[in-house]
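Data block below; observations after.
The values are calculated or read from the model by the stated rules, or taken from the named source; none is laboratory data. Note that this is a predicted model, so its numbers are computed, not measured. No Cβ is skipped: glycine too gets one built from the backbone with ideal geometry, and neighbour counts run over all protein chains shown.
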């Protein structure tokens, strides 16, 4: 009976066994490739910068969220101000705050900088990932590390997370610093163009994008060197899913902004070239009356890249008075 089941037509049963073994082996390899493709594939630059920061005293910590592990850089400071959390934007990483972290540690007791899921050294989440899934997972990760109320600084998509955190955990938020934050609603007619501005499928597009991040446009050589890194970051599964799931009604509402009762500093540089001016107008109209709004002349979309000392000065002065 067993031999009858192993027989395939006129073929000998030994050949049928070998065929079954080969099929099972190929299926196992396919499953392994699928698992590997869903895991984080940190770039050499992310690993190198994280190691440099480890050597500077910022330890790598790993926190567990359902099904995945997230990487966080944590450094003890020599200052007296309470701990501060720094949250990066889309396709960036914790290590992008490196120069600013070294300055802030002189003023704060602790610096906590997470790699958002699917970014830096953090694994991507399982299944489809929208910004709400990403924010929820990052919040769970931070809850494992935070033992007292903190200040939260967020840039770009990190600003969107900072607002999400402050709304959900006001008791753990001493103050909020939003720097060119994402989260303003976008009109349906403008949504496709907004999404397209982040579709960096060529090196030429990546070079143009790089030039929009800082106060002065990057020198051609630096933009040329950065373009492959930027293009790779925006081709990741997590980033593509977040951008694909953006909808006009996904912005933070006036009612949600009204819940941000903690001290709030809002930074939007006059050299901002990535986010539409209409987004600034929305925040300026709907932020709580106590929010302090600043428009530094030398700030682009990511001033922590090229103006870390200036950003740190704003942050320290705000935290000292909060």
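Of the residues 159, 183, only one is under 20 Å from the mean Cα position of the chain (by Cα), assigned to a helix (DSSP H, G or I) and closer than 25 Å to residue 236 by Cβ; which? Don't jump to the end; show me each part of the working.
Values: 183 fails: assigned to a helix (DSSP H, G or I).
Being under 20 Å from the mean Cα position of the chain (by Cα), assigned to a helix (DSSP H, G or I) and closer than 25 Å to residue 236 by Cβ holds for just one of 159, 183, which is 159.
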Item checked: Leading residue by the ranking (nearest to residue 206 (Cα to Cα)) among those in region 95-114 that are free of Cβ contacts under 8 Å to residues at least 60 places away in the same chain and in a loop (DSSP other than H, G, I, E, B) -> 105
Next item on the list: Could you list all residues from region 194-208 that are in contact (Cβ under 8 Å) with a residue 40 or more places away in the chain and either surrounded by 19 or more Cβ atoms within 10 Å (Cβ to Cβ) or not in a helix (DSSP H, G or I) (or both)?
Entry: 197, 198, 199
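Please work out if residue 19 is in contact with a strand residue (DSSP E or B) (Cβ under 8 Å, 6 or more places away or on another chain), more than 30 Å from residue 313 (Cα to Cα) and at pLDDT below 95. Walk me through how you get there before you give the answer.
Working: in contact with a strand residue (DSSP E or B) (Cβ under 8 Å, 6 or more places away or on another chain): yes; more than 30 Å from residue 313 (Cα to Cα): yes; at pLDDT below 95: yes.
Considered against the rule, which asks whether it is in contact with a strand residue (DSSP E or B) (Cβ under 8 Å, 6 or more places away or on another chain), more than 30 Å from residue 313 (Cα to Cα) and at pLDDT below 95, residue 19 comes out as yes.
Out of region 74-94, which residues are surrounded by fewer than 24 Cβ atoms within 10 Å (Cβ to Cβ), more than 17 Å from residue 177 (Cα to Cα) and touching a residue at least 40 places away in the same chain (Cβ under 8 Å)?
Going residue by residue through region 74-94, those that are surrounded by fewer than 24 Cβ atoms within 10 Å (Cβ to Cβ) are 74-83, 90.
Then keep just the ones that are more than 17 Å from residue 177 (Cα to Cα); that gives 74-80, 90.
Correct list: 74, 90.
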Notebook entry, point to check: Mind checking which residues of region 212-223 are surrounded by fewer than 20 Cβ atoms within 10 Å (Cβ to Cβ) and at pLDDT 90 or above?
Noted result: 212
Check: Among the numbered criteria (1) touching a strand residue (DSSP E or B) at 6+ places or on another chain (Cβ under 6 Å); (2) modelled with pLDDT under 90, which single criterion is violated by residue 177?
Finding: (2)
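When the residues of region 247-258 are narrowed to those that are crowded, with 16+ Cβ neighbours inside 10 Å and in contact with a helix residue (DSSP H, G or I) (Cβ under 6 Å, 6 or more places away or on another chain), which ends up modelled with the highest pLDDT? Lay out the reasoning, then the answer.
So the first thing to find is which residues in region 247-258 are crowded, with 16+ Cβ neighbours inside 10 Å, and the list is 250-252, 257.
Applying the additional criterion that residues be in contact with a helix residue (DSSP H, G or I) (Cβ under 6 Å, 6 or more places away or on another chain) yields 252, 257.
Values: 252: 94, 257: 97.
Among those that are crowded, with 16+ Cβ neighbours inside 10 Å and in contact with a helix residue (DSSP H, G or I) (Cβ under 6 Å, 6 or more places away or on another chain), it is 257.
Condition check ((1) free of Cβ contacts under 8 Å to residues at least 60 places away in the same chain; (2) crowded, with 23+ Cβ neighbours inside 10 Å) across all residues:
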{"position": "133", "(1), (2)": "yes, no"}
{"position": "145", "(1), (2)": "no, no"}
{"position": "148", "(1), (2)": "no, no"}
{"position": "155", "(1), (2)": "no, yes"}
{"position": "158", "(1), (2)": "no, yes"}
{"position": "171", "(1), (2)": "yes, no"}
{"position": "189", "(1), (2)": "yes, no"}
{"position": "192", "(1), (2)": "yes, no"}
